[in-house]
Amino acid sequence: MRTPTACARCGRNAVAATTWPDGPICRTCHTRALETFGICAGCARHRMLPGFSTEHKPLCVDCAGIPGNFTCVECGMQGRRWQQRCARCTLTTRLRCLLDDGTGTIRTELIPLFDGLRQMERPASGLNWLGPPYVGQMLRGLATGEIPLTHEGLNTLPHPRAVAYLRDLLMQHHILPPADRQLVFFERWLSHYLTSITNPDHRTTVERFAAWHILRRLRTLAAHGPLGADAQANARARITQAGAFLAMLDINETTLATCTQYHLDLWHSNTAIARLSSHPFLKWAMSTARMPRLAIQAPTVTDSAPAHQQQRITLITQMLIDENVLLRTRVAALLVLLYAQPVSRIIQLTIDDVTGDTDMFLHLGEHPAPVPEPFAALLRRYIATRTNMKTAANPTTRWLFPGRRPGQPMTTNAIRQLLRHAGVPPQSSRIGAIRQLVLDAPAPVVAAMLGYSHSRTSAHAIHAGAPWSRYATSNHDQ
């Protein structure tokens, strides 16, 4: 086993991938160096630039005196090599083999996938994706027709995360019709969950509740934009709590039709907060006459304590000037701190929601919201350097926060983690922002500009003690 040593580039202790004139190079710095191209400070030619001069200027292999052959035997380009070929040529060869329909040619329907993968800006990431054997097996099965090239065909495959990524790629290249990722996850989970319910009457009841209430709602939401992981998690909780409630009735030797207030109170007697997820099922069962109309004892749930205005101002200042924080984190944080946007809405934003050059505006609600400097300059810089756009996943995406999944934005959990790591609590910061905004302007104006409902901003105005909430409505035409 090789002993870790300090990397000459980044300074961290790690097993060296190689040793160059400036010292041991860790694997991360080695990979980054072989993917860096530009004008060499020594010979002024456009080449791969893995080395540095004493003035820390980029140098090509020859000028830096780096040993080894980095030229692809197939295309003549320099770079990291796999069996004497560059990443792009290696990826192209592997894809031709995997997508062969059995006649020596790529299956016609899969040609857009082939072109999109081999033309990605970082082909090495494509080779990493093809690493697990089951990924190649899925591609080969689709190419030969062993696996139907349909959503239903993909649903039969194991390795759900790999299948989900492949599904996203196929939809992005218009090989499969659009389908929401989280909705597909939920439908697949639901089919497995229903088979686990042993009582046939309970299984039928839960299945109908899922079809007429949960799935209908999810499909409506998905029609307006990608579902977040939270939406799927909430849907799962409602289904499992419905199943748990029916199981509790079985234990107490009663049925949904003969359930009494005693059974409902017993259900809420323990972990009442967790039982909130069962309330949609209970209301649905009552409205469809499957159970008697009983009183649902809902626990009081309050919002997180809002951030104080001084704390909010401090965080805004930090996000505007602290270059040590990731740029996308700063932009996401300022959308919360300045515009009171929930994370679930932030991931739905696209670069088309940002308009104007000299005077910038954000389209969050009925009316555009102005973007002041210096946030406007920060936002311009971020849009020009968005991450997750150098693979096959999102090369031309319009999402303001592109994710790692093809055609998808970042997840709500990923944004929340970024914010919390930067010391910006998403919930309390958002509440603090909206309550300060309704102190500065009438609640209906804030609602129209930020995409809130009038009732929601009015409720915040009452909590904040906004003077606008006490203004009487007047007829200005008289």
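Some points to look at:
- Residue in the stretch 265-292 that is farthest from the chain's Cα centre (by Cα), counting only those that are among the aliphatic types (A, V, I, L, M) and surrounded by 19 or more Cβ atoms within 10 Å (Cβ to Cβ): 291
- Listed by first and then second residue, the pairs linking a residue in the stretch 25-39 that is closer than 18 Å to residue 82 by Cβ to a residue that is modelled with pLDDT under 90 and among the small types (Gly, Ala, Ser), with Cβ atoms under 6 Å apart and 6 or more places separating them unless they lie on different chains, are 34/79.
- On inspection, residue 227 does not qualify as surrounded by fewer than 20 Cβ atoms within 10 Å (Cβ to Cβ), over 17 Å from residue 268 (Cα atoms) and in contact with a helix residue (DSSP H, G or I) (Cβ under 7 Å, 6 or more places away or on another chain).
- Selected residue (only one of 208, 203 is without any contact (Cβ under 8 Å) to a residue 12 or more places away in the chain, in contact with a helix residue (DSSP H, G or I) (Cβ under 6 Å, 6 or more places away or on another chain) and in the same structural domain as residue 257 (by TED's automatic domain parsing)): 203
- Residue, nearest to residue 243 (Cα to Cα), within the stretch 279-321, restricted to residues that are in contact with a Lys or Arg (Cβ under 7 Å, 6 or more places away or on another chain) and at pLDDT 90 or above: 281
- Each residue in the stretch 185-200 was checked for being free of Cβ contacts under 8 Å to residues at least 24 places away in the same chain and farther than 17 Å from residue 278 by Cα, and 6 pass.
- Positions within the stretch 144-159 being surrounded by 15 or more Cβ atoms within 10 Å (Cβ to Cβ), touching a residue at least 12 places away in the same chain (Cβ under 8 Å) and assigned to a loop (DSSP other than H, G, I, E, B), in sequence order: 149, 157
- You will find that of 268, 279, the residue that is in the same structural domain as residue 212 (by TED's automatic domain parsing) and under 15 Å from residue 237 (Cβ atoms) is 279 and no other.
- Flag set for residue 74, criterion: part of a loop (DSSP other than H, G, I, E, B), surrounded by fewer than 15 Cβ atoms within 10 Å (Cβ to Cβ) and touching a strand residue (DSSP E or B) at 6+ places or on another chain (Cβ under 6 Å).
- Per-region count, the stretch 71-90, residues over 36 Å from the mean Cα position of the chain (by Cα) and under 14 Å from residue 33 (Cα atoms): 0
- Here residue 68 does not qualify as under 27 Å from residue 143 (Cα atoms), exposed (fewer than 12 other Cβ atoms within 10 Å of the Cβ) and either touching a residue at least 24 places away in the same chain (Cβ under 8 Å) or not assigned by TED's automatic domain parsing to the domain that holds residue 125 (or both).
Per-residue answers, yes or no, for (1) assigned to a loop (DSSP other than H, G, I, E, B); (2) surrounded by fewer than 18 Cβ atoms within 10 Å (Cβ to Cβ); (3) hydroxyl-bearing (Ser, Thr, Tyr):
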residue: 96; (1), (2), (3): no, yes, no
residue: 117; (1), (2), (3): no, no, no
residue: 134; (1), (2), (3): no, yes, yes
residue: 140; (1), (2), (3): no, yes, no
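- The residue list 42, 79, 38 contains one member that is under 16 Å from residue 123 (Cα atoms) and in contact with a Lys or Arg (Cβ under 9 Å, 6 or more places away or on another chain), which is 79.
The values are calculated or read from the model by the stated rules, or taken from the named source; none is laboratory data. Quick caveat, the model's predicted, so the values are computed rather than measured. Positions of Cβ are generated from backbone atoms using ideal geometry, with glycine treated the same way; all protein chains shown enter the neighbour counts.
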